[in-house]
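Q: Here it is, the structure in full.
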Amino acid sequence: MFQKGDYVICGSNGICSVEAVTTLKMPGVDSNKEYYLLKPVFSPQSTVYIPVNFPEGSLRRALTKEEAMDLIRTIPTLPEIAITDEKNLESIYKEYMLSNNISRQIMLIKTIWKRQEKRIRNGSKTTALDTRYFKQAEQYVNEELAVALSIPKDEVVSFIKDKVG
């Protein structure tokens, strides 16, 4: 169970702070059921209520500083995604994004980055699909690492480059 002050990753809401464990006083809602009151770190005007007994894997503890540093050190060894069927590219990208696994999201970033470099070298433009998923994965990764490392979100990429070359 998460506690007030913990950081968690909550699907498309990204990194959130647990503000409270509470019940809801609303008609039609079981008043004994507990919920996490979450505040997305980079959208503090939003509030998210998630049942405490939310399905396993949908809500996970955010990385600590030590875990973030360990992850950054492993980035060069993380493989690219083997893409054998371009027709199913979006479903592959979705699978990696929805895994709620930062290592898999970094693998997605690496894969799309290499695809974009190759297309540019061959005189082609990058695809809208690659651009969309690259930005989404980069946002999730940068936000989680920014909080874990206590640095501004826009400094995460240069921090990683400094550490891994």
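Q: What is the residue count in the stretch 42-56 for residues that are part of a loop (DSSP other than H, G, I, E, B), of a type in the set (Val, Ile, Thr) and farther than 11 Å from GLU19 by Cα?
A: At the first step, the residues of the stretch 42-56 found to be part of a loop (DSSP other than H, G, I, E, B) are 42-47, 52-56.
Cutting the leftovers down to of a type in the set (Val, Ile, Thr) gives us 47, 52.
Of the ones still in play, those that are also farther than 11 Å from GLU19 by Cα are 52.
Result for the stretch 42-56: 1.
Q: Tell me which residues, restricted to the stretch 1-39, are closer than 15 Å to ASN100 by Cβ and in contact (Cβ under 8 Å) with a residue 12 or more places away in the chain. Step through it out loud before you land on a result.
A: Going through the stretch 1-39, the residues closer than 15 Å to ASN100 by Cβ turn out to be 2, 7-16, 38.
Scanning the stretch 1-39 gives PHE2, TYR7, VAL8, ILE9, CYS10, GLY11, ASN13, GLY14, ILE15, CYS16, LEU38.
Q: Identify all residues within the stretch 3-16 that are in a loop (DSSP other than H, G, I, E, B) and surrounded by 18 or more Cβ atoms within 10 Å (Cβ to Cβ); write none if there are none.
A: Quick first cut of the stretch 3-16, residues in a loop (DSSP other than H, G, I, E, B) only: 3-6, 14.
Selection gives GLY14 alone.
Q: How many residues are of a type in the set (Gly, Ala, Ser) and either in contact with a Pro (Cβ under 7 Å, 6 or more places away or on another chain) or in contact (Cβ under 8 Å) with a residue 12 or more places away in the chain (or both) if we restrict to the stretch 111-164?
A: First, the residues of the stretch 111-164 that are of a type in the set (Gly, Ala, Ser): 123-124, 128, 137, 146, 148, 150, 158.
Filter again for either in contact with a Pro (Cβ under 7 Å, 6 or more places away or on another chain) or in contact (Cβ under 8 Å) with a residue 12 or more places away in the chain (or both), leaving 137, 146, 148, 150.
Residues in the stretch 111-164 being of a type in the set (Gly, Ala, Ser) and either in contact with a Pro (Cβ under 7 Å, 6 or more places away or on another chain) or in contact (Cβ under 8 Å) with a residue 12 or more places away in the chain (or both): 4 in total.
Listed here are the residues, each with its yes/no results for (1) under 16 Å from VAL141 (Cα atoms); (2) modelled with pLDDT of 95 or more.
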residue: CYS10; (1), (2): yes, no
residue: LYS25; (1), (2): no, no
residue: ALA62; (1), (2): yes, yes
residue: MET69; (1), (2): yes, yes
residue: ALA82; (1), (2): no, no
residue: GLN105; (1), (2): yes, yes
residue: TRP113; (1), (2): yes, yes
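The values are calculated or read from the model by the stated rules, or taken from the named source; none is laboratory data. Everything numeric here is computed off the predicted structure, so don't read it as measured data. Glycine gets a Cβ as well: all are built from the backbone with ideal geometry, and neighbour counts include every protein chain shown.
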